[in-house]
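The values are calculated or read from the model by the stated rules, or taken from the named source; none is laboratory data. From a predicted model like this one, the values you see are computed outputs, not experimental measurements. Note: ideal-geometry Cβ built from the backbone for every residue, glycine included; neighbour counts use all protein chains shown.
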Amino acid sequence: MNESVQDTADRGFAIERVFAAPVARVFRLWTDPRLVAQWWGIRDCTIPHCVLDVRVGGRWRIDMLTASGALYRNQGSYLEVVKNVRLSYCDEPDPEIREWAGNPPGRSRHTVTFTPDGMRTHVHFEVTLASAADRERLLALGMRGGWMQSFDRLEQVIERGPTMLAENVKPTTQAVLSRDGTPIACERRGQGHPLILVDGALCSRTMGPSGPLAKALADNFTVFRYDRRGRGDSGDTAPYAVEREVDDIEAVLRAAGGEAYVWGMSSGAMLALMAATRLPGIKKLALYEAPLIVDDSRTTTQADWATIETAVAEGRRGDAVSAFLKSVGMPRLLIAFMKLMPIWRRLKAMAHTLPHDGAIVGGDQLGKPLDPARWASLRVPVLVSDGGKSPPWMRHGNKALANALPNAGYQTLPGQNHMLRPAAHAPVLTAFFNGQD
């Protein structure tokens, strides 16, 4: 180990360390949240939360849990990103940390420079504090020693070999608590800016389009999927209210660090839109095929939802699923065939949540124009899209929705319908969320 420690004027300090790994590998160890979580922090700590949006202006957050049970939240934004050369970011002290005694230090700037030396990498790490007083205070609290421990842990990760850098890392699952105490099962995978996926009717983390879509997006985003209440591993506290589903998205948003993009499909699209009008942490919104009936291009659904609610109330889950599938246009012969397949049992297991979807979309399936005043306060960018092979009523509704929203674009995906194909959607969503729309 080659290391030097030095002061840099009266407001900072620097650490230099040579690591026995090529520069590309060391740079990745600083920018892949799955790997950063393995070395960042003091000795014997764990990292329960690590989200890095590694681009200029992107946010980062790392929570450190010490062996004694103290939790320290670290966060900030990236100021400069030059791949394999340099990272610079600001660190915004959490005012709730007890060591500050109500008087937190100012923001600091951390700059990491990577210099290749054959199969080794020289790392120059420099911290510039807001003031000389902050420097003295933080050094007294052990900031420099903490970073030296982090570098020791980074060296240990490198010594364990390339298996630590496996690409196919399994997603992690956790339970987050909604406002009413309901546990919501949440899954996270990938790296980049947080992106929350909201499913439609009869879908969960184990069934539906969000799983394959999350895999397709994981190279560019930290993707969060969750079981909507009443489905999969999530709870279902009575009585149901649409507002509680918005609370569930708020809980996932907290797990994502407080800010995220959101994508929703079908009834999940309208739920995501409701959440965006209430939750300021949603920064961009993509909606696919919200099932809106805004004219006479198809029959309305009041009678269908009433049939579904009655069937659920009477415990006839299979009849509820059949009524729903007929309502969305599935041929009777195909429904009869599905009843013979293993998937039918899984659909019946979620049938009791169909009235939840009716509560979300039923009021917008009455064949009436949308009222733009409902979303007048929404300022985030929105992408509304539908499939070129979807029926006219679906495309009419989504075009009307885009026109009703104050800051929305509209796009029809050629050859697509309500059966989502991730390969067609992932490039569109990546371009939109990354500002290339």
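Scan segment 103-121 and tell me whether some residue there is assigned by TED's automatic domain parsing to the domain that holds His49, among the hydroxyl-bearing types (Ser, Thr, Tyr) and over 32 Å from the mean Cα position of the chain (by Cα).
Scanning segment 103-121, I find at least one residue that is assigned by TED's automatic domain parsing to the domain that holds His49, among the hydroxyl-bearing types (Ser, Thr, Tyr) and over 32 Å from the mean Cα position of the chain (by Cα), so the answer is yes.
Ile308 fails exactly one of the following numbered conditions: (1) in contact with a Gly (Cβ under 7 Å, 6 or more places away or on another chain); (2) within 21 Å of Leu370 (Cβ to Cβ); (3) of a type outside the set (Gly, Ala, Ser). What is the number of that condition?
(2)
Hey, can you tell me all the residues within segment 104-137 that are assigned to a helix (DSSP H, G or I), surrounded by fewer than 19 Cβ atoms within 10 Å (Cβ to Cβ) and touching a Pro at 6+ places or on another chain (Cβ under 7 Å)?
The answer is Arg137, and nothing else.
So which residues in segment 169-209 are in contact (Cβ under 8 Å) with a residue 24 or more places away in the chain, closer than 17 Å to Ala423 by Cα and not in a strand (DSSP E or B)?
Pro209 - this is the single residue of segment 169-209 that is in contact (Cβ under 8 Å) with a residue 24 or more places away in the chain, closer than 17 Å to Ala423 by Cα and not in a strand (DSSP E or B).
Here is a yes/no grid of residues against (1) assigned by TED's automatic domain parsing to the domain that holds Leu271; (2) more than 27 Å from the chain's Cα centre (by Cα):
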| site | (1), (2) |
| --- | --- |
| Ala320 | no, yes |
| Ala323 | no, yes |
| Val328 | no, yes |
| Leu333 | no, yes |
| Gly367 | yes, yes |
| Leu378 | yes, no |
| Pro391 | yes, yes |
| Ala402 | yes, no |
| Ala408 | yes, no |
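What's the total number of residues in segment 221-242 that are within 20 Å of the chain's Cα centre (by Cα) and not small (Gly, Ala, Ser)?
Count: 11.
Mind listing whichever residues of segment 49-102 are over 25 Å from the mean Cα position of the chain (by Cα) and basic (Lys, Arg)?
Matches in segment 49-102: Arg86, Arg98.
Which one of the conditions (1) in contact with a His (Cβ under 8 Å, 6 or more places away or on another chain); (2) more than 23 Å from Met64 (Cα to Cα); (3) among the acidic types (Asp, Glu) does Glu126 fail to meet, given that it meets all the rest?
Failed condition: (2).
With the condition kept exactly as written, say whether any residue in segment 405-421 is more than 20 Å from Pro291 (Cβ to Cβ) and surrounded by 19 or more Cβ atoms within 10 Å (Cβ to Cβ).
Looking through segment 405-421, none of the residues is more than 20 Å from Pro291 (Cβ to Cβ) and surrounded by 19 or more Cβ atoms within 10 Å (Cβ to Cβ).
When only residues in segment 217-245 that are of a type in the set (Lys, Arg) and in contact with a helix residue (DSSP H, G or I) (Cβ under 9 Å, 6 or more places away or on another chain) count, which is surrounded by the most Cβ atoms within 10 Å (Cβ to Cβ)? Spell out how you get there, then give the answer.
Taking segment 217-245 as the starting set, the residues that turn out to be of a type in the set (Lys, Arg) are 225, 228-229, 231, 244.
Narrowing further to those that are in contact with a helix residue (DSSP H, G or I) (Cβ under 9 Å, 6 or more places away or on another chain): 225, 228-229, 231.
Numbers: Arg225: 25, Arg228: 27, Arg229: 23, Arg231: 25.
This residue is Arg228.
Ser322 - would you say it is buried (at least 19 other Cβ atoms within 10 Å of the Cβ) and more than 26 Å from Leu429 (Cβ to Cβ)?
Answer is yes for this residue.
Quick one: in segment 293-327, which of the residues that are hydrophobic (A, V, I, L, M, F, W, C) and outside any helix (DSSP H, G or I) is nearest to Gln365 (Cα to Cα)?
The qualifying residue nearest to Gln365 (Cα to Cα) is Ile293.
Just for segment 276-329: of the residues that are among the aliphatic types (A, V, I, L, M) and in contact with a His (Cβ under 7 Å, 6 or more places away or on another chain), which one is nearest to Gly264 (Cα to Cα)?
Only one residue fits best here, namely Val294.
Consider Ala101 carefully, then state whether it is surrounded by fewer than 18 Cβ atoms within 10 Å (Cβ to Cβ), of a type in the set (Gly, Ala, Ser) and in contact with a Pro (Cβ under 8 Å, 6 or more places away or on another chain).
Judged against the criteria, Ala101 is not a match.
Out of the residues in segment 181-229 that are at pLDDT 95 or above and among the acidic types (Asp, Glu), state the one that is nearest to Pro33 (Cα to Cα).
Top of the filtered list is Asp227.
Would you call Asp386 acidic (Asp, Glu) and exposed (fewer than 15 other Cβ atoms within 10 Å of the Cβ)? Please lay out each step first, then the result.
Details: acidic (Asp, Glu): yes; exposed (fewer than 15 other Cβ atoms within 10 Å of the Cβ): no.
No: the conditions fail for Asp386.
Name every residue in segment 29-55 that is of a type in the set (Lys, Arg) and surrounded by fewer than 18 Cβ atoms within 10 Å (Cβ to Cβ), in order of residue number.
Arg43, Arg55
Give just the number: which of (1) on the phi > 0 side of the Ramachandran plot; (2) outside any loop (DSSP other than H, G, I, E, B); (3) not acidic (Asp, Glu) does Tyr89 not satisfy?
Unmet condition: (1).
Looking for something of a type in the set (A, V, I, L, M), buried (at least 17 other Cβ atoms within 10 Å of the Cβ) and touching a residue at least 12 places away in the same chain (Cβ under 8 Å) - is there at least one such residue anywhere in segment 335-348? Working first, answer last.
Taking segment 335-348 first, the residues of a type in the set (A, V, I, L, M) are 335-336, 338, 340-341, 343, 347.
Then drop every residue that is not buried (at least 17 other Cβ atoms within 10 Å of the Cβ), which leaves 347.
If we keep only those that are touching a residue at least 12 places away in the same chain (Cβ under 8 Å) as well, we get 347.
The answer is yes, given that some residue of segment 335-348 is of a type in the set (A, V, I, L, M), buried (at least 17 other Cβ atoms within 10 Å of the Cβ) and touching a residue at least 12 places away in the same chain (Cβ under 8 Å).
Give the residue, chosen from Arg61, Arg73, that is surrounded by fewer than 17 Cβ atoms within 10 Å (Cβ to Cβ) and in the same structural domain as Pro33 (by TED's automatic domain parsing).
Result: Arg73 is the single residue among Arg61, Arg73 that is surrounded by fewer than 17 Cβ atoms within 10 Å (Cβ to Cβ) and in the same structural domain as Pro33 (by TED's automatic domain parsing).
Scanning for something without any contact (Cβ under 8 Å) to a residue 12 or more places away in the chain and of a type outside the set (Asp, Glu), does segment 24-33 turn up at least one residue? Let's see the steps before the verdict.
First, pick out the residues of segment 24-33 that are without any contact (Cβ under 8 Å) to a residue 12 or more places away in the chain: none.
No, segment 24-33 contains no residue that is without any contact (Cβ under 8 Å) to a residue 12 or more places away in the chain and of a type outside the set (Asp, Glu).
Kindly check whether there is at least one residue in segment 246-263 that is surrounded by 23 or more Cβ atoms within 10 Å (Cβ to Cβ), free of Cβ contacts under 8 Å to residues at least 60 places away in the same chain, closer than 24 Å to Arg374 by Cβ and within 20 Å of the chain's Cα centre (by Cα).
yes
Taking the stated definitions as given, is Val312 touching a Lys or Arg at 6+ places or on another chain (Cβ under 9 Å), touching a residue at least 24 places away in the same chain (Cβ under 8 Å) and either in the same structural domain as Asn417 (by TED's automatic domain parsing) or not small (Gly, Ala, Ser) (or both)?
Working: touching a Lys or Arg at 6+ places or on another chain (Cβ under 9 Å): no; touching a residue at least 24 places away in the same chain (Cβ under 8 Å): yes; either in the same structural domain as Asn417 (by TED's automatic domain parsing) or not small (Gly, Ala, Ser) (or both): yes.
No: the conditions fail for Val312.
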